[in-house]
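Read through the structure below, which is laid out as structure tokens, and then see the notes.
Since every read-out is calculated from the coordinates, none of them should be taken as a lab result. A quick note: this is a predicted structure, and the numbers were derived from the prediction, not measured. Here the Cβ is made from the backbone with ideal geometry for all residues, glycine too, and neighbour counts use every protein chain on show.
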Amino acid sequence: MKYGFGVDIGGTTIKIGLFSIDGKLVDKWEIQTNKIDNGKYILQDIAHVIQNKIALQNLNKNEIIGIGLGVPGPVTKEGVVNGCVNLGWKAQKIEEDFKQMTGLNVKVGNDANVAALGEMWQGAGKGYQDVLMITLGTGVGGGCVLNGKIVSGVHGAGGEIGHMHVKDNEKSACGCGNHGCLEQYVSATGIVTQARKKLLYDERSSSLRKYFSLEAKNIYDEAKEGDSIAIEIVNNVCKILGNSLASICSVIDPEIIVIGGGVSKAGDILTSGIKKYFQKYAFHACANTEIVLAKLENDAGMYGCVKLLMK
Ligand code: ZN
């Protein structure tokens, strides 16, 4: 049996998994992301942990197909990371640098893109080759896998669904600097911002008013309990998502849409709402595209990183 390492590099923690190439997670662990000096120690830290694991597990280097890295920033086809604000990285040839550091085969991908690949390999998209994934968390990420390959694009911006423009005349700015991005309305933070605005001008009573620090989960929970304002907010989120996903599908026409990220824990209320609007807005030929919840949760990125290493 051969093995591969999947490394999901986040702004606060780095998740590392050892996988057998038939898709089983053998072992996983986490280290803190050391962002000192513009993240210059991050790769060294990962290399160190992996070398220890190889020794501990008594692995031979020729049993290891390599290390896949998922990073929170745009990645070009050549494995150049085009800057990661969360890590302090500027443009850097990560693939080449890490290959030299470890002497192993290395592949790099954008974190949301590799999560989509992971779901395709061993998660909700298993058995499919054309998968669109959207990740609803603090922000909104996405990944598009066509013919089993990530569409990363010329600038590494492929799959940046969260920054599709969906609304004019938005006064607040998105994290990316634009105004009116999808992320501003349907991410966990976006939903809360929209709810706060609504609670200000809508005078109806609502159980949402009892929360001192309102969270996206509270809004979904209260909608499930029948609170009319919460229902309207969730309905609006589903409408925007259904509309955006329908637009994407008329361009790439995937077999399945996978919804992941912390917000997706809301479950059926979210998927059924998205489906309703997706069917309303989609081009007739793809109006019945399957829409499902992700399965691998926080491990999807590690799985995808290992899949990146396979031909
Ligand atoms: Zn944006």
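Shape analysis of segment 51-103 based on the Cα gyration tensor places the equivalent ellipsoid semi-axes at 26, 12, 9 Å, largest first.
By the beta-carbon count within 10 Å of each Cβ, the least crowded to most crowded order of Ser206, Ser187, fewest first, is Ser206, Ser187.
Charged side chains reduced to their Cβ positions (Lys and Arg at +1, Asp and Glu at -1) give segment 126-295 a dipole of some 200 debye around its Cα centre. What shape does the chain have by the C-alpha gyration tensor, where a ≥ b ≥ c are the square roots of the eigenvalues, rounded means a/c under 1.5, and otherwise prolate means a/b greater than b/c and oblate the rest? Judged from the Cα gyration tensor, the chain comes out prolate (a/c at least 1.5, a/b above b/c). Summary of packing: across the peptides 160-170, 132-142, 188-198, the per-residue average of other C-beta atoms within 10 Å ranks them, highest first, as 132-142, 188-198, 160-170.
Among the listed pairs Lys28/Lys217; Lys24/Lys61; Lys61/Lys311; Lys275/Lys307, those whose Cα-Cα separation exceeds 21 Å are Lys28/Lys217; Lys275/Lys307.
Compute, for segment 39-124, the length of the dipole vector about the Cα centre, with Cβ point charges of +1 (Lys, Arg) and -1 (Asp, Glu) only. Units Debye, rounded to 20. Let's see the in-between values first.
Values: 8 positive and 8 negative charges, 34 e Å.
Approximately 160 debye in magnitude.
Summing +1 for each Lys or Arg and -1 for each Asp or Glu among the other residues whose beta-carbon sits under 14 angstrom from that of Lys28 gives -2.
For Lys311 and Lys24, the FRET efficiency from 1/(1 + (r/R0)^6), where r spans their Cβ atoms and R0 equals 25 Å, is about 0.80.
A straight Cα-to-Cα reach below 20 Å connects Lys276 with the lysines Lys224, Lys239, Lys265, residues fewer than 8 places away in its own chain not being considered.
Taking the charge dipole of segment 166-311 about its Cα centre, with +1 at Lys and Arg Cβ atoms and -1 at Asp and Glu Cβ atoms, the residue from Tyr185, Gly301, Ala230 reaching farthest to the positive side is Tyr185.
Based on C-alpha pairs under 8 angstrom that are at least 6 apart in sequence, segment 165-311 has a relative contact order of 19 percent.
Full extension of the chain segment joining Thr12 with Leu59 gains 14.0 nm, where the gain is 0.36 nm per residue of separation less the Cα-Cα distance. For segment 198-244, the pair-distance distribution built from all alpha carbon pairs, in bins 5 Å wide starting at 0, is 5, 22, 31, 25, 12, 5, 1 percent. Working note: Cα atoms of segment 237-300, range along each principal axis, descending, whole Å: 33, 20, 15. Only one residue of Gly156, Gly139, Ile256 has its Cα farthest out toward the positive end of the dipole of segment 126-295, where Lys and Arg carry +1 and Asp and Glu -1 on Cβ, and that residue is Gly139. Across all directions, the shadow cast by the convex hull of segment 126-295 built on its C-alpha atoms averages 10.3 square nanometres.
Across segment 58-67, coupling constants 3J(HN,Hα) worked out from phi with the 6.51/-1.76/1.60 Karplus curve, θ = phi - 60°, read 6, 8, 8, 4, 7, 8, 9, 7, x, 10 Hz, and Gly and Pro carry x. Which whole-number percent of Cα pairs in segment 25-125 have a distance greater than 19 Å? Result for the distance tail: 47 percent. Taking every alpha-carbon pair under 8 Å whose residues sit at least 6 apart, the chain reaches a relative contact order of 21 percent.
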